[in-house]
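Undergrad: Take a look at the following structure, please.
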Amino acid sequence: MVPVEVDVTLTTAGAHQNALVVSDYLDLLDQQRETALAAVAGLTEDQIWRRPGEKEWCIGEVLNHNVRVMASAMPYARFAWRFFRWYGERNRHKPYRNSIPDLYRTGNFPMWTGFLWTPRVRPDNRVPLDHLARDLRDLHQAVRDFYTGKDEDVLGHVSVWDPYFGWLNLILVLRLGIYHDQLHYEDVLQLAHSMRPASE
């Protein structure tokens, strides 16, 4: 694990002296998805599945990769909540982190690890854009359903371990997933822009 200097917000649990963040994070998850989907609306199927270069992902593959990454994290979050919620309850009055910098943009993150979540759809195994959009929306609704109604003072003390990032409480898991999505949505926006006429 590469040491990274982290500028975090410490929330005083119980008193909620800082604004609660999970609802805002969930809204951001939805907003950035819809921005990306709006950018690709109107593109042809061939444009959605056109790779910009050798060994580079097309729009369809990028969207599916985002689904795979976040979907892979949720079983761990559910497991941690089911079996270690008691620990969060016991420590709810202690400070915890509820924000984290974008660790994907520090220059240290090994981007090559993306192959672990290789898209399951490809130009030779394509699906309609509506299918990709539905997968994203359904997944994000499941994420919202998981987090909604849970006490942030407890979420902040239930953690999972990542081999690169280390221990992350469930609020930071959500925030880091949003950062990951945004990183790739920027690729989608750039690709979509490059495929539209200059007048648009």
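Each value in this text was obtained by applying a stated rule to the coordinates, not by laboratory testing. Keep in mind that this is a model prediction, so the values were computed, not measured. Note that we place each Cβ from the backbone using ideal geometry, even for glycine, and neighbour counts take in every protein chain shown.
Undergrad: If the chain between residue 41 and residue 20 were fully stretched, how many nm would it gain, using 0.36 nm times the residue separation less the Cα-Cα distance?
TA: That works out to 4.2 nm of additional length.
Undergrad: With each pseudo-label sitting 7 Å past Cα toward Cβ, what's the residue 106-residue 124 distance in nm, one decimal?
TA: A separation of 3.9 nm, rounded to one decimal place.
Undergrad: How much net charge surrounds residue 55 when only the other residues with a Cβ under 13 Å from the Cβ of residue 55 are counted, with Lys and Arg +1 and Asp and Glu -1?
TA: So the surrounding residues net to -1.
Undergrad: Moving on to the next point. Counting other C-beta atoms within 10 Å, which of 174, 136 has the fewest, and how do the rest follow?
TA: 136, 174
Undergrad: To continue, here is another question. So for segment 116-178, averaging the separation of alpha carbon pairs under 8 Å that are six or more residues apart and normalising by length, what relative contact order in percent results? All intermediate terms of the calculation are to be shown ahead of the outcome.
TA: Numbers: 23 pairs, mean separation 10.9, N = 63.
RCO, segment 116-178: 17 percent.
Undergrad: If you don't mind, another one. What is the sum of charges around residue 157, taking Lys and Arg as +1, Asp and Glu as -1, for the other residues whose C-beta is under 13 Å from the C-beta of residue 157?
TA: Value of the local net charge: +2.
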